[in-house]
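Have a look at the structure below before the remarks.
The values are calculated or read from the model by the stated rules, or taken from the named source; none is laboratory data. From a predicted model like this one, the values you see are computed outputs, not experimental measurements. Every residue, glycine among them, receives a Cβ derived from its backbone with ideal geometry; neighbour counts consider all protein chains shown. These accessible areas exclude ligands, DNA and RNA; they are computed on the full protein's heavy atoms, side chains included. Shrake-Rupley method; radii C 1.70, N 1.55, O 1.52, S 1.80 Å.
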Amino acid sequence: MARRLLIPLSWVLLTGLGSCLCLDALAAEEERPPVPVTTDALGSLLIHPTRDAPATAVSLNRTQVSAEINGVIAEIGVEVGARVTQGQTLARLDCEPHAIEVARVRAALEAGRSTHAFSLLQLENARRLSEKRSISQEELDKRTADARTLKADVDRLQATLDGALHTERKCIIAAPLNAVVVERIASVGDYAVTGTPILRLLDDENIEISAKVQEQDLESLQQARESFFIIRDIQYPVTLRTVLPLMETRLRTHEVRLNLADAQVVDGSTGRLRWVVGRGQIPADLILKRGTDLGVFVLDGEQARFVPLPEARPGHPAPIDLPAETRVIRDGRYQLEDGNPVRPQ
């Protein structure tokens, strides 16, 4: 006779109740309302670590215009602050002594040319006579040598005249480049000798930036995507031109030179060179921990997706490699789990 299995009624009731509770929990999970959240584009949230160094704007040309010959300064035709162009007359020396020298050498040259022309006629006559054997070979050779000597004298006088004209032109002192007059050093009536400074010019069109960069920051500057020269909170874009192969021993800094792009900065202006280091980073307050991972929540359609950040450290900004248009969840992130439904506000 088969034995009948008896199941206590209480166990049946408990089992049925448990099943109902599980079903209710699953239903509640499925019907969980979306979490209201706010989002921002990742590009607007990123912070960019920077470095900076002291920097100064320097002109490529600070020219001191000096006399190239001796003479009395007869005129200075520009004042401090005047803008001059290349070739413009700045000052003039009394040129009468040099003009006299030009006239003297020119007269000597004319005399030399006449003498040389006469010697050529004598040489031609000597050749005709030599053909008739009416003159000795020695006399013909002498007249040939005389003609060559006089030709050399003419060439020497021509060179002397060219030199005198060149000196005379130096009576006019012209601007070597486009610049601004920043100082008058000499005065009208002064006797100038070769090398006497008369004016000081500043090239304000060719300015570059000089900065002192710490040795450990040099590599980041060379790899920087952006760099700026900053004066009173105004940023001027610059690009690295060169690193001088010298290091200041005490401070362990290198001097770098940077090109200034399309900006008028006054020579001698001091400021800071600032450059962006590495990739953009997401702020530390947006980073959450889920399980053993640190990361951020992003909007994926109508759900929240947790994106782990392998380089993240607690309390520090972290590099993130997502498109700039990615929507990062800001408000409401603390109560989220991966895959939760959300409702952007």
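At a threshold of 8 angstrom on Cα-Cα distance, excluding pairs fewer than six apart, so keeping six or more, what relative contact order does the range 239-345 reach in percent?
Working: 132 pairs, mean separation 22.4, N = 107.
Relative contact order here is 21 percent.
Here the 3J(HN,Hα) profile of the range 309-320, calculated from phi with Karplus coefficients 6.51, -1.76 and 1.60 at θ = phi - 60°, is 10, x, 8, 6, 10, x, x, 10, x, 9, x, 9 Hz, Gly and Pro shown as x.
Across all C-alpha atoms in the range 276-322, the radius of gyration and Dmax reach 11.0, 35 Å. Mind putting a number on the dipole of the range 248-345 about its Cα centre? Charges go on the C-beta only, +1 for Lys and Arg and -1 for Asp and Glu, and I need it in Debye to the nearest 20. Dipole magnitude for the range 248-345 comes out near 320 debye.
Only Cα sites of the range 96-160 enter the Debye sum here, all with the same form factor; the resulting log10 I(q)/I(0) across q = 0.18, 0.20, 0.21, 0.24 1/Å is -0.66, -0.74, -0.78, -0.90, listed in q order. Working note: 222 nm ellipticity from helices only, DSSP H runs with n ≥ 4, each -39,500 (n - 2.57), summed and divided by the residues of the chain, gives -10000 deg cm²/dmol to the nearest 500.
Taking a 1.4 Å probe, which of Ile135, Ile185 shows the most accessible area, and what order do the others take after it?
Details: Ile135 30, Ile185 65 Å².
Accessible-area ranking of Ile135, Ile185, largest first: Ile185, Ile135.
Overall dimensions of the range 229-268, expressed as equivalent-ellipsoid semi-axes from the Cα gyration tensor (√(5λ), whole Å, largest first), are 24, 13, 8.
Counting only residues at least eight positions apart within a chain, or on another chain, there are no lysines with an alpha carbon under 29 Å from that of Lys289.
Taken over the C-alpha atoms, the chain has Rg and Dmax values of 45.2, 176 angstrom.
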